[in-house]
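The values are calculated or read from the model by the stated rules, or taken from the named source; none is laboratory data. Keep in mind that what you see is a predicted model, and the values were worked out from it rather than measured. Methodologically, a virtual Cβ is constructed for each residue, glycine included, from the backbone with ideal geometry; neighbour enumeration extends over all protein chains shown. Remember, those area values only see protein heavy atoms, side chains included, never the ligands or the DNA or RNA. Shrake-Rupley method; radii C 1.70, N 1.55, O 1.52, S 1.80 Å.
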Amino acid sequence: GMWAMPRVPTREQLETELPYLLKAPRITTYSRAPTLVNRKDIERFLSRKFPFGLRQLGGEARAMLWLLVDITGRVHKAQVGQTSGRIDVDSVALAATHKMQFRPAENAGRIVPVWVQMPVGFRVIDE
């Protein structure tokens, strides 16, 4: 008999597969970055969930997040790349990612999952 096997995927094919990407944030290739389409909803969510402790203290805090945006434009996985130094700020920032909707990334005309970095910051303004 004859054994048939699919061809070994190239490194480039592997790098656009979700299981590979899920392992850890990494720089991914794309010709068009994902764009957040529901920014207004996210801004409303973040205002409602503004960390109370930060409002008491004043000042500002910013978390840098890694987001794995899948081909449907949803955040498949999110993690803190650089902490704001405040657990409450980091957790509100992460909670917001569940509500984010993106126009997915493209590479050479193909829709692909990608990791992107996104800052989420809060500033207390003195009235």
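A few notes on this one:
- Unmet criterion (only one of (1) farther than 21 Å from LYS49 by Cα; (2) open to solvent by 40 Å² or more (accessible area, probe 1.4 Å); (3) part of a strand (DSSP E or B)) for VAL116: (2)
- Cross-chain or 6+ apart pairs with Cβ under 8 Å, the stretch 18-34 first and closer than 19 Å to GLY81 by Cα, then of a type in the set (Lys, Arg) and modelled with pLDDT of 85 or more: LEU22/LYS77; PRO34/ARG103
- Residue in the stretch 100-107 that is at pLDDT 95 or above, open to solvent by 50 Å² or more (accessible area, probe 1.4 Å), in contact with a Gly (Cβ under 7 Å, 6 or more places away or on another chain) and not polar (S, T, N, Q) present: yes
- Being more than 13 Å from TRP66 (Cα to Cα), open to solvent by less than 20 Å² (accessible area, probe 1.4 Å) and out of contact with any Ser or Thr (no Cβ under 8 Å at 6 or more places or on another chain) is a property that holds for VAL89.
- Residue within the stretch 74-91 that is part of a helix (DSSP H, G or I) and within 14 Å of ARG123 (Cβ to Cβ) present: yes
- Taking the stretch 36-69 as the range and being within 29 Å of LYS23 (Cα to Cα), outside any helix (DSSP H, G or I) and open to solvent by less than 20 Å² (accessible area, probe 1.4 Å) as the test, the residues that pass are ALA61, ALA63, LEU65, LEU67, LEU68, VAL69.
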